[in-house]
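Single-structure report; data block below.
The values are calculated or read from the model by the stated rules, or taken from the named source; none is laboratory data. The model shown is predicted, which means the values in this text are computed figures rather than measured ones. All accessible areas refer to the heavy atoms of the entire protein, side chains included, with ligands and DNA or RNA removed. Shrake-Rupley method; radii C 1.70, N 1.55, O 1.52, S 1.80 Å.
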Amino acid sequence: MRLKKEKKFIDLHLHSYYSDGTDSPKDLIKKARKENLSVISLTDHNTTDGLKEAIFWGKKIGIKVISGIEIDTQYQNRSLHFLGYNFDWRDKELNFVLRKMQLKREENVKRGLKKLEELGFKINLKEIFQPPVSYLGLGRIIDLLRKGKNWQKVKKDLKIKRRQIVTLSEIFNRYFLKNHQHLILPSTVSFNQVIRL
């Protein structure tokens, strides 16, 4: 009797709550198991903070975890998201550069959130910067606008009718993009520096 082979899958682009995901690395590994993934890579934006936990739980549950990252970079005056794989995530120089990016991003986010408050939104800084976030992704900020009175304001501003779906791009274009300028600037490093690191 031939046994039917179980299909295995990979996913090399996952985010945890250390950047703009919602799950812990442990929970991502558990979900990966349920989805029959055999290899994953945690590619949080501009941080390696979740990799230790992901690798630990991957070994424990039997999923290969490849070190990964998604770094915001600039190349020829264009913003790019650079994906890196299978590198030494404990490298001191790399983590020093990432920490500088994280601190710059925090400044940019606080500045942008003040502008959102001026527009009438209620912003709770403690909630948005609640650990374990290391690099605050725009998705998490937009999620703040999709709650309570903030959501009522968004629906009113965008003239949303009952049951009409509001896309992330509509919210982004209305509140986070003015005259082709981002309200909350990403913190970036040069493409050449990313390659070198």
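General observations
- Each listed q (0.13, 0.15, 0.16, 0.17 Å⁻¹) maps to a log10 I(q)/I(0) for the chain from the Debye sum over equal C-alpha point scatterers, namely -0.79, -0.99, -1.08, -1.16.
- Residue pairs, from the table LYS7/LYS52; LYS30/LYS100; LYS115/LYS156; LYS30/LYS60, whose Cα atoms sit over 20 Å apart: LYS7/LYS52; LYS30/LYS100
- Solvent-accessible surface (1.4 angstrom probe) belonging to THR167, in square angstrom, nearest 10: 60 Å²
- Amide hydrogen neighbours beyond the local backbone of ASP20, cut-off 5 Å, H modeled: HIS45, GLY137
- Accessible-area value, ARG146, 1.4 Å probe, nucleic acids and ligands omitted, Å²: 110 Å²
- In order along the stretch 76-88, the phi-based Karplus estimate (6.51 cos²θ - 1.76 cosθ + 1.60, θ = phi - 60°) of 3J(HN,Hα) comes to 6, 6, 10, 7, 10, 9, 9, 9, x, 9, 6, 10, 7 Hz; Gly and Pro are listed as x.
- Mean accessible surface per residue for the chain, computed with a 1.4 Å probe while every protein chain stays in place, in Å²: 66 Å²
- Ordered from largest to smallest accessible area (heavy atoms of protein chains, 1.4 Å probe), the residues GLU117, GLU6, GLU70, GLU53 come out as GLU6, GLU117, GLU53, GLU70.
- Cα centroid separation - the stretch 154-179 against the stretch 20-62, whole Å: 32 Å
- Rolling a 1.4 Å probe over the protein heavy atoms leaves ASP88 with an accessible area of roughly 90 Å².
- For the stretch 19-102, taking Cα atoms only, Rg and Dmax work out to 13.5, 43 Å respectively.
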